[in-house]
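S.K.: Quick one: the structure is below, questions incoming.
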Amino acid sequence: FYASTRRLTEVSYRPNDLTQYSTDDLRALEYELQADILREKQASAFWDFEPKPFQQPWWDCKKPIIGLLCGNQTGKTTYGVMRMLIACTGVKPKFLGGNPNDGFPEGICKGKRYLAAGEEFEVVRKETIVPKLTESVTDEMLDGPPSIPATGGIVYRFRSGAELKIKSYKQHRKSFEGSVYNGAWLDEPPVEDIWTAVRRGLVANAGWIVLSATSLDEIWTYDQILEPAEDDTPPRHAMVAKFEAVMHDNCADCHG
């Protein structure tokens, strides 16, 4: 199969004359074209990303703690992934002023570390964080393929020098202690011990944290997210923002 792929790259492809190719050659060509299309989609997924109108306040918010208390299919995961990629690459999509011609410079985020975590690791790996990340990550962004450390999870290392750890709340709680991050995204609320450990790890770098939640099953979220976001007195009001949305907000027929 791969020999056929290499052979196709050595001959001129004439769309009107496919008889010169074997079935294996044509399958290899189809594989190459599909790979090219995937790479183009991944590249455009980052540079051409634009928030929906109801999501724009999420991007305008500069507070260090953001709670996205939204229903399914409202773009929470996409927001989390894009926040991480912007932080880890050090560049921005076009809607934020980024320029694709600038590419992904090396070393501009050296030493920065980020965390993305969710509930069950199999869900994180197969359904939520990793699949959505894969839609937008390109080889040009990364410094080699993702790795799986002995302690569990997945680690992405970027050409910029930044590192992104993907973890699960099912990992030992002590694994969240002692780590220092520049930013974190928690997909669904963890137990309070993990939230506290992650917050503590952000203090040294004055880091930010995003909590995306479909439901607030953990009681601490009321004290840490809801009440401070609704409190208009300093200093809590300056620290926390919450945004709410329902699936209908993402309806193309009603909202474009």
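S.K.: Got a sec? Which of V203, V210 is under 27 Å from L115 (Cα atoms) and open to solvent by less than 40 Å² (accessible area, probe 1.4 Å)? Give the derivation first.
M.R.: Working: V203 fails: open to solvent by less than 40 Å² (accessible area, probe 1.4 Å).
On inspection, the qualifying residue turns out to be V210.
S.K.: Within the set of pairs 6+ apart or on separate chains, which have a first residue in the stretch 152-174 that is without any contact (Cβ under 8 Å) to a residue 24 or more places away in the chain and more than 10 Å from R113 (Cα to Cα), a second that is surrounded by fewer than 20 Cβ atoms within 10 Å (Cβ to Cβ) and among the small types (G, A, S), and C-beta atoms under 9 Å apart?
M.R.: V155/S147; H172/G152; K174/A197
S.K.: Looking at (1) among the acidic types (D, E); (2) modelled with pLDDT of 90 or more; (3) open to solvent by 90 Å² or more (accessible area, probe 1.4 Å), which is the one condition that is false for D48?
M.R.: Condition (3) is where D48 drops out.
S.K.: Scanning for something more than 24 Å from A116 (Cβ to Cβ), modelled with pLDDT of 85 or more and in a loop (DSSP other than H, G, I, E, B), does the stretch 224-238 turn up at least one residue?
M.R.: Pass one, the stretch 224-238, residues more than 24 Å from A116 (Cβ to Cβ): 227, 230-238.
If we keep only those that are modelled with pLDDT of 85 or more as well, we get 227, 230-231.
From what is left, the residues that are in a loop (DSSP other than H, G, I, E, B) are 231.
Among the residues of the stretch 224-238, at least one is more than 24 Å from A116 (Cβ to Cβ), modelled with pLDDT of 85 or more and in a loop (DSSP other than H, G, I, E, B), which makes the answer yes.
S.K.: Among the numbered criteria (1) part of a helix (DSSP H, G or I); (2) touching a residue at least 12 places away in the same chain (Cβ under 8 Å); (3) closer than 21 Å to L202 by Cβ; (4) of a type in the set (A, V, I, L, M), which one does A116 miss?
M.R.: (1)
S.K.: Let me ask another. Could you list all residues from the stretch 56-72 that are in contact with a strand residue (DSSP E or B) (Cβ under 8 Å, 6 or more places away or on another chain), in a helix (DSSP H, G or I) and either open to solvent by 10 Å² or more (accessible area, probe 1.4 Å) or among the basic types (K, R) (or both)?
M.R.: P57
S.K.: Looking at (1) out of contact with any strand residue (DSSP E or B) (no Cβ under 9 Å at 6 or more places or on another chain); (2) in a helix (DSSP H, G or I); (3) surrounded by 15 or more Cβ atoms within 10 Å (Cβ to Cβ), which is the only condition A87 fails?
M.R.: Result: A87 passes all but (1).
S.K.: Looking at the stretch 73-82, can you tell me whether even one residue there is touching a strand residue (DSSP E or B) at 6+ places or on another chain (Cβ under 6 Å), aromatic (F, W, Y) and either assigned to a helix (DSSP H, G or I) or more than 30 Å from Y222 (Cβ to Cβ) (or both)?
M.R.: So in the stretch 73-82, the residues touching a strand residue (DSSP E or B) at 6+ places or on another chain (Cβ under 6 Å) come out as 74, 76, 80.
Adding the requirement that they be aromatic (F, W, Y) leaves none.
No, the stretch 73-82 has no match at all.
The values are calculated or read from the model by the stated rules, or taken from the named source; none is laboratory data. All values derive from a computational prediction rather than experimental measurement. As a convention, Cβ positions derive from the backbone with ideal geometry for all residues, glycine included, and neighbour counts pool all protein chains shown. The area values use the complete protein model at the heavy-atom level, side chains included, leaving out ligands, DNA and RNA. Shrake-Rupley method; radii C 1.70, N 1.55, O 1.52, S 1.80 Å.
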